[in-house]
2 protein chains.
Amino acid sequence: MARMTPDDRRAAIIAATLAVMQRQGIAATTVRDVAAELDASSGLIHHYMTSMDELIAEAFERAAGADLLATRALVEQGQGPLEQLRFFFDSYSRAGDDFGMQLWLDAWAEAARRPELRQTSQRLNQAWQQLIRSIIEDGVRIGVMNCTDPVAAAWRILSLLDGLHLQEVAHGDSVTSQQVTKWSRHGAEIELGLAEGTLASHPTAPGELT
Amino acid sequence: MARMTPDDRRAAIIAATLAVMQRQGIAATTVRDVAAELDASSGLIHHYMTSMDELIAEAFERAAGADLLATRALVEQGQGPLEQLRFFFDSYSRAGDDFGMQLWLDAWAEAARRPELRQTSQRLNQAWQQLIRSIIEDGVRIGVMNCTDPVAAAWRILSLLDGLHLQEVAHGDSVTSQQVTKWSRHGAEIELGLAEGTLASHPTAPGELT
DNA sequence: GACGCTATTGCGCAAATGTCCAATAAGCCC
DNA sequence: GGGCTTATTGGACATTTGCGCAATAGCGTC
């Protein structure tokens, strides 16, 4: 294997770990799999990471953190809180695809037993909630949303999204992807006193995929 | 080890598995741990269970199924849909204590890799949703609840509960137990067009703990 | 071109895991 | 009490895991 600078190698290891994690889930990710993905030796991973925990926590943070940044960036392009919330849902459906969501399921379950992973997962979930909360507070301030407790409402909207996605990813045909999209948006409409359809997917959202 | 009838032994194995699962999580439950809990040999477990998957699925079903039955029983004691829904929340907070909920987190995450567990988990989640749905349909029929899509509303209420509990169990101090109770009930009130406080914990609910 | 630093290798080790199987012994019927 | 059924044992086996270590090789410096 070509010799690399420590920074580059570290980044490459995390990227490879991420690929394996997405393919097999956190629990089934092994040092040897990561090494194979890198086409390198297993010893190399331990030369950079002191433990498997550290490796997993760091890779998860990178994956989930990237989703958060992408959503934040898209939200900031929205004109006003309503469009911002619409973009939020657009982006979240994409970030919460099967791969990403299985990662979150693993992280939540493993959080009880992996302290580093737990911290990362908690911090990112709080960041998601704050993103929603600030949109709601803006919406209330300019009078397009109705909400007496933005903190609670933000946790509810986030939890509803996660709970629905969870059913879709864990059980497949209980709840379909379209239902998650439709039901979660409608839930937010009810929560914030919006007319039905207000949060329906914006057909010309910037950065839209498919 | 004393010789037992197959039925009794099978029940004992499942009970022991459950104890280990609660202590260590589903992913970390091993045949040897279960055998040690039983104070029996590891071979005995495979004499009754064809695979580890079956063992785990069956133990999970027993634990989660009991919670469902308990909640159903309590709900049936409610006079009218409003009290029934109140009892539902009372019972769910109890069923969803840290042990029970961590089990669900493990189950959802492991569902992708354990087909039998996946089936069990999916079936039970659907049963929970149907329980809520039937309460809502009754409530709409007699005019005390307002809901145009009981199926979607039931999934939302269940997912909201799961999503909030998830934060509480996985992250501890992001969301407190009281907030889960308060926020999930208020979410259902908004969803069903009920006055705030309608679903607040009933002080004299039968079978109430603590 | 020689030298030194260190990225990289490749194997070995100990522990853990699911599964299987021949041997043992406990209860039941005659 | 003898014999049959089968619950139960206890360990063997192959595999996988995280981790450590001595050896090797790539790259910069003089």
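The numbers here are math on the coordinates, done by the rules we state, and not lab data. The structure displayed is predicted, hence computed values, not measured ones. Glycine also receives a Cβ, built like all others from the backbone with ideal geometry; neighbour counts cover every protein chain displayed.
What the table below lists for this structure:
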quantity	calculated
Teacher prompt: B:Ser174 distances to equivalent labels in other copies, 7 Å Cα→Cβ, nm	1.9
Rg(Cα) / (2.2 N^0.38 Å) computed for segment B:1-49, rounded to two decimals	1.05
Between 0 and 90°, nearest 10: helix A:150-171 axis offset from chain A longest Cα axis	60
For the protein assembly as shown, the spread of Cα positions along each principal axis, largest first, Å	64, 59, 35
Shortest-first nm distances, A:Ser201 label point to equivalent points in other copies (7 Å, Cα→Cβ)	4.1
Rounded to the nearest 20 debye, dipole of segment B:1-49 from Cβ charges on Lys, Arg, Asp, Glu	60
Segment B:1-49: relative contact order as a whole-number percent, Cα under 8 Å and 6+ apart	34
Cα pair distances in chain B, grouped into 10 Å bins until the bin that holds the longest one, percent each	8, 32, 31, 19, 9, 2, 0
Point-charge dipole on Cβ atoms (K/R +1, D/E -1) for segment A:59-191, about Cα centre, debye to 20	240
Signed unit charges on C-beta, dipole axis of chain A, positive-most listed residue A:Gln178, A:Val151, A:Leu85	A:Val151
Shortest-first distances to equivalent copies, position A:Asp8, nm, label 7 Å out along Cβ	7.0
Value of relative contact order over chain B, rounded to a whole percent, pairs C-alpha under 8 Å and six or more apart	19
Inter-part distance where segment A:69-141 and segment B:68-140 are each reduced to a Cα centre, Å	26
Low-density loop cleavage sites - trypsin sites (Lys or Arg not before Pro) in segment A:1-89, where at most 12 other Cβ are within 10 Å (DSSP)	A:Arg3
